[in-house]
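The values are calculated or read from the model by the stated rules, or taken from the named source; none is laboratory data. Just so it is clear, the structure is predicted and the values come from calculations on it, not from any experiment. Heads up, the Cβs are rebuilt from the backbone with ideal geometry, glycines too, and the neighbour counts pull from every protein chain shown.
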Amino acid sequence: MSKKSLLTEMRDTQLAIELIELGARPQVLETETTLSRERLLKLYKEVKGVSPPKGMLPFSTDWFLTWLPNVHSSLFINIRRYIAKNSDCEGIEAVLKTYRLYKEYLHTNQIDEVLSFTRAWTLNRFFENRMLETAVCSGCGGHFVVHPDDLHSQYVCGLCNKPARAGKTRKAKAAEGSLQSSGAPAGLPFTGEPAGMALAGSEARTALTATV
Ligand SMILES: [Zn+2]
């Protein structure tokens, strides 16, 4: 075995462990590393103590357009763009960094996680393949995840125009409260600052500048 392939294998093993710990499903591991399926399954069992869930990734673009997932997806994509602009990270490293910042933001603001790592990874793929894009909300100026085929000239985001049912679950209420208590306008993390993206809430901003 050449030196290079040994190093690649070590790097991929490390990456796979990190991904498994974050909850990535086997398809993500197979796409992002050069390790064999058998190797990955063994690794997964060692790290998690159980076999990975079977089956294909069930996600379609539609899920990312529903109310609460859309708010979280938009937050994720705004952070992703910030990373692209302000760091040398790319590929899976950038996705990992974005996801950590997303989790950090939720933790700071005591918001429940909506995007699993696999969902976030899938969202990133949808953007790379132009199956999703962002539109600017005419109400708050934030950038939100939308379907490219829809019309967006007078787009109003889910935070500016909340569906009646959105506030009814306890979790949604808590999320909304946290979002608004951060002192940002309704569109909170998505206000279109010239610098690219703005994470509202000084904590998130600090987290971003500290980590990037
Ligand atoms: Zn809005």
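For region 1-26, enumerate the residues that are at pLDDT below 95, surrounded by 18 or more Cβ atoms within 10 Å (Cβ to Cβ) and part of a helix (DSSP H, G or I).
PRO26
Keeping to region 103-130, report how many residues are farther than 19 Å from LEU15 by Cα and assigned to a helix (DSSP H, G or I).
Total meeting the criteria: 10.
Would you call LYS85 basic (Lys, Arg) and either within 18 Å of GLU21 (Cα to Cα) or surrounded by 17 or more Cβ atoms within 10 Å (Cβ to Cβ) (or both)?
no
Has region 73-82 got at least one residue that is in contact (Cβ under 8 Å) with a residue 24 or more places away in the chain, more than 16 Å from the ligand (Cβ to nearest atom) and over 23 Å from ARG25 (Cα atoms)?
Scanning region 73-82 turns up at least one residue that is in contact (Cβ under 8 Å) with a residue 24 or more places away in the chain, more than 16 Å from the ligand (Cβ to nearest atom) and over 23 Å from ARG25 (Cα atoms).
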